[in-house]
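Here is the structure we will look at.
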């Protein structure tokens, strides 16, 4: 397997003309966005399946917000 390190990749990118560097940044950004979309869609499908199987229960919005705030507060501490 070809051992490509981040440093080697950056060095190779820096050898490209500026226009190609900008194109590469756009390509990476778009691929990252698409990967994130796929991850969110997969999580949503898993959540819907869990809900349909009775593993999740409906909750009032106020309760969800309270729990989220509590988790954020715990993470900050």
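Tabulated data
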read-out: At R0 = 30 Å, FRET efficiency that the Cβ-Cβ distance of residue 2 and residue 51 yields, to 0.05; value: 0.10
read-out: Selected from 41, 12, 50 as most flexible by GNM, with the chain as the system and alpha-carbon contacts under 10 Å; value: 12
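Values quoted throughout were computed directly from the atomic coordinates according to the rules given, and no laboratory measurement underlies them. In this text the structure is predicted, and so the values were computed from the model without any measurement. Neighbour counts are summed over all protein chains in view; Cβ atoms, including those assigned to glycine, are modelled from backbone coordinates with ideal geometry.
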